[in-house]
Ligand SMILES: *[C@@H]1O[C@H](CO)[C@@H](O)[C@H](O)[C@H]1NC(C)=O
């Protein structure tokens, strides 16, 4: 099998354990190796948008305004080969920028005061009508995936130039956010694998394995109905 995730330090000889030096990974290697993860996450989301019939699934314990749609799960097949470029991934174009903008149309949702109370939220981000502004995990993940995508094209998106939103630190943050989110809500799809070539020395995943997904179309419609504008936040000047 090929080792796709190269280690910074390989074991000297015959030793089983490998020690990592934290904080000195090569940024490009990290981003490029996680690029395929980003592609998979993105295609997962686009598959959500083309979802069909539902059945019972997720039972949340914490309060969520998404109870009805989130319980509806759908079976989807990822179309084609996820290594292909998509509406979201590939060399920067204005149509890709627009596709990302549509995916990120809603950034944050409002909760009624009684909903916020169920989660014991602080009243930091109150809106003018007394609702509370919050951000959704998937929205933050999308921000991070788009950020990492853009960081692959610093010549277009001005990343890595030293100011806050371009910093290496922000990319590390995004990788850590996606790592945690992946472990928080692990994708349990049983993905078929097959040999990539005749030598049988490398495996690849079957892109169109059937998978069960939450109904992101329904989730996004609920989010759309609860979106707020920046000018509604009480501390922001209209
Ligand atoms: C590779 O795997 C296939 C399927 O298991 C098998 O038929 C074939 O003989 C293998 N080839 C080599 C070179 O091991």
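Readers should treat all values here as calculations from the given coordinates under stated rules, not as data from a laboratory. Please read these numbers as outputs of a predicted model, since none were measured by experiment. Cβ coordinates were reconstructed from backbone atoms using ideal geometry, including for glycine residues, and neighbour counts include every protein chain displayed.
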Check your understanding: Which one of these does residue 147 not meet: (1) surrounded by 14 or more Cβ atoms within 10 Å (Cβ to Cβ); (2) out of contact with any helix residue (DSSP H, G or I) (no Cβ under 9 Å at 6 or more places or on another chain)?
Key -> (2)
Exercise for review: Give me a count of the residues in region 98-120 that are over 24 Å from residue 183 (Cα atoms) and out of contact with any helix residue (DSSP H, G or I) (no Cβ under 7 Å at 6 or more places or on another chain).
Suggested key: 15
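Yes/no matrix, rows are residues, columns are (1) farther than 28 Å from residue 110 by Cβ; (2) in a helix (DSSP H, G or I); (3) touching a residue at least 40 places away in the same chain (Cβ under 8 Å):
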site	(1), (2), (3)
147	no, yes, no
171	yes, yes, yes
179	yes, yes, no
198	yes, no, no
217	no, yes, yes
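Residue-by-condition table, conditions (1) within 16 Å of the ligand (Cβ to nearest atom); (2) in contact with a strand residue (DSSP E or B) (Cβ under 8 Å, 6 or more places away or on another chain):
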position	(1), (2)
141	no, no
179	no, no
191	no, yes
196	yes, yes
208	no, yes
229	no, no
Check your understanding: For region 200-215, how many residues are under 22 Å from the mean Cα position of the chain (by Cα) and either on the phi > 0 side of the Ramachandran plot or touching a residue at least 12 places away in the same chain (Cβ under 8 Å) (or both)?
Key -> 11
Exercise for review: Working only within region 84-137, note down all residues that are in a loop (DSSP other than H, G, I, E, B) and farther than 20 Å from residue 227 by Cα.
Suggested key: 84, 85, 86, 87, 88, 89, 90, 91, 92, 93, 120
